Each structure stands twice: as structure tokens, then as C-alpha cells.
Amino acid sequence: MAKLYHVPLSPFCRKVRLVLAEKKIECELAEERYWEADADFLRRNPAGKVPVLKIDNMTMSESTPICEYLEGKYPEPALMPKGHEAKFEVRRIVAWFDDKFHSEVTSKLLYERVNKKVMGQGFPDSTNVKAGAKAIKFHLDYMTWLLDRRRWLAGDVMTMADFAAAAHISSLDYISDVDWNRSETVKDWYAKIKSRPAFRSILADQVPGFPPPAHYADLDF
């Protein structure tokens with residue numbers, strides 16, 4: 001059986017978890033306090049980051065290469081389209097969320113509100129929190145613009161791009177940092193993806209000291 005070393009609210013770990021679950025690949029979850037730089041974990045990934053996936057007699061790190069490996073080795077159900085242009089769009093949106101969205105929003109909200117406390121690194125920086133709260137409005141508007149033109153973020157079928165976005169959005173929703181009143185279009189998209197069986201374990205996550213809001217696991221939020 002595969003084994004994933006993860007942190008529950010990490011969007012990068014959640015992206016891998018969603019791909020594994022969508023493809024019905026059985027996987028043991030092992031929560032890893034990577035910031036403690038445990039020697040055994042550093043042997044698995046000298047970069048000291050999660051996710052780390054052990055599968056097929058390999059130990060893999062970095063969420064996007066892991067997801068692309070899973071897509072190639074376990075192609076059904078497909079999370080990547082066939083055409084070169086369509087593949088480019090999926091990868092562009094994955095990179096948008098894992099780079100720009102993460103830098104401007106996730107790191108400013110989730111990391112300040114949750115990670116600092118869990119890691120014993122002090123109190124949230126209010127300047128960062130304000131910047132993240134402002135930036136997420138732009139990103140929700142961009143998602144609305146995309147979804148007004150497509151059924152899903154990268155086209156007419158659900159792809160890895162939707163899982164990358166949902167991984168970040170769900171982590172922020174856990175701490176009530178998504179204004180669902182800003183875009184009914186994004187809310188409808190999230191309701192669709194949230195209702196998938198692959199999302200069940202994500203919605204069951206509990207972080208000690210940070211109870212989720214009542215609507216977090218509600219499919220009709």
C-alpha cells in the first residue's frame with residue numbers, strides 16, 4: 001500500500017490526496033511534523049518538505065511531479081486532457097495556484113493563522129493577514145472569469161487544475177477565510193468538487209486547536 005507523509009491543511013498535500021482518492025489508490029496517511037527536521041524524514045526528503053509519497057518501491061517528493069507520475073502510471077480516471085494546448089492550460093492553472101495564489105493568499109492567511117501557532121513561531125503578522133484578505137478577492141474574481149467561460153477551471157471537464165485550486169480553497173475554508181458571498185459561480189464550482197467521494201477524507205480533517213466552521217463539511221453550504 002502507498003504511504004503519504006503529509007500535513008492535513010497543506011494544500012500541496014491535499015492536492016496529492018485528492019488525486020490518489022479520485023484514482024482509488026489505497027494510501028496510508030502519516031502526519032509529519034516536518035518543521036521538526038526529524039532525521040528519518042530528512043532521509044526520505046532532504047528538502048524537509050511535505051508531501052512525500054512512497055509508492056511502487058519509490059519515494060517521491062514535490063506535489064506536481066507526484067501528481068503527474070500518478071496520472072501517467074494510473075491513467076483512469078483521467079485528470080489531464082489529451083491535447084497539447086489543453087494540457088498546457090491545466091499546468092498553467094496548477095502553477096497559478098501553487099505559485100501565485102499560494103504566495104499572495106495561502107501563505108498570508110493559513111500560514112499566519114495556523115502554521116505559526118502549530119510550529120511555535122509566534123503570532124500572526126497582521127500586515128500579512130490583511131494583504132492575504134485583500135488578494136483573495138482578486139483570485140476569486142479571476143476564478144469567476146474563468147468559470148463564466150468554462151464548465152471547470154481549465155475547460156469542459158474536471159482536471160488536476162480543479163484539484164489544485166480546491167486544495168488551496170478548502171484549506172482556507174477550514175479557517176473561514178473564503179467569502180462565499182463574493183461569487184456564486186465559484187461557490188457552485190466548489191460545491192460540485194466538494195461533493196465528490198475523493199473529497200471525503202479532506203472534509204473529515206481536524207486540526208487540534210482549530211475546529212472547522214459548521215459549513216466546512218456541509219455539501220449544501
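Of all the options Phe138, Phe12, Phe199, the one that moves most in a Gaussian network model of the chain with Cα springs shorter than 10 angstrom is Phe138.
With a Cα cut-off of under 20 Å and a minimum spacing of 8 residues unless on different chains, the lysine pairs in segment 109-216 number 4. Highest mobility in the GNM of the chain, judged by mean-square fluctuation with C-alpha springs under 10 Å and restricted to Gly83, Gly122, Gly155, is found for Gly83. For segment 14-29, 3J(HN,Hα) computed residue by residue from phi via the Karplus equation (6.51, -1.76, 1.60; θ = phi - 60°) reads 5, 4, 5, 4, 5, 5, 4, 5, 4, 8, 6, 8, 5, 8, 7, 9 Hz, glycine and proline entered as x.
Using Cβ point charges alone (K and R +1, D and E -1), the dipole size of the chain about the Cα centre works out to roughly 160 debye.
Sequence-ordered 3J(HN,Hα) estimates for segment 44-55 from the Karplus curve with 6.51, -1.76 and 1.60 and θ = phi - 60° stand at 6, 8, x, 6, x, 10, 10, x, 10, 10, 9, 7 Hz, glycine and proline given as x.
Note on the chain: dipole from Cβ charges, positive end direction compared against Ala214, Trp145, Leu70; the farthest Cα belongs to Trp145. In segment 100-221, a dipole from Cβ-located charges (positive for Lys and Arg, negative for Asp and Glu) runs towards its positive end, and of Ser103, Ser201, Thr185 it is Ser103 whose Cα lies farthest in that direction.
Amide hydrogen proximity for Ala30: with H placed 1.01 Å from N in the peptide plane, the residues at 5 or more positions away or on another chain lying under 5 Å are Leu4, Tyr5, His6. Highest GNM mean-square fluctuation, the chain, Cα pairs closer than 10 Å: which of Lys15, Lys108, Lys54? Between Lys15, Lys108, Lys54, it is Lys54 that shows the largest mean-square fluctuation. Radius of gyration (Cα atoms) of segment 84-196, expressed as a multiple of 2.2 N^0.38 Å: 1.09.
Taking the Cα centre of segment 84-196 as origin, work out the dipole magnitude from +1 charges on Lys and Arg Cβ and -1 charges on Asp and Glu Cβ, in debye rounded to 20.
Dipole size: approximately 120 debye.
Express the accessible area of segment 84-196 per residue in Å², computed with a 1.4 Å probe while the remaining protein chains stay in the model. Please list the in-between numbers first.
Numbers: 5290 Å² over 113 residues.
Here the residues of segment 84-196 average 47 Å² of exposed surface.
If you average the sequence gap of Cα pairs under 8 Å that are 6 or more apart and divide by the length of the chain, what percent do you get for the contact order? Could you put the intermediate results ahead of the total?
Numbers: 265 pairs, mean separation 49.7, N = 221.
Relative contact order here is 22 percent.
The GluC sites (Glu not before Pro) of segment 1-80 that DSSP puts in a loop, and whose beta carbon has at most 15 other beta carbons within 10 Å, are Glu26. Summing charges over neighbours of Ser126, with a neighbour being any other residue whose Cβ is under 15 Å away from its Cβ, gives +3 when K and R count +1 and D and E count -1. Quick one: Karplus J couplings for segment 65-80, per residue in order, coefficients 6.51, -1.76, 1.60, θ = phi - 60°, nearest Hz, x for Gly and Pro? Taking θ as phi minus 60°, the curve returns x, 4, 5, 5, 4, 4, 5, x, 7, 10, x, 10, x, 5, 10, 9 Hz for segment 65-80. Here the accessible area is traced with a 1.4 Å probe on the protein chains. For the chain, carbon and sulfur cover 52 percent of it.
The values are calculated or read from the model by the stated rules, or taken from the named source; none is laboratory data. Here the structure is a predicted model, which is why all the values come from computation and not from measurement. Reconstructed Cβ throughout: ideal geometry from the backbone, glycine too, with neighbour counts over all protein chains shown. Heavy atoms of the whole protein, side chains included, go into the accessibility calculation; ligands, DNA and RNA do not. Shrake-Rupley method; radii C 1.70, N 1.55, O 1.52, S 1.80 Å.
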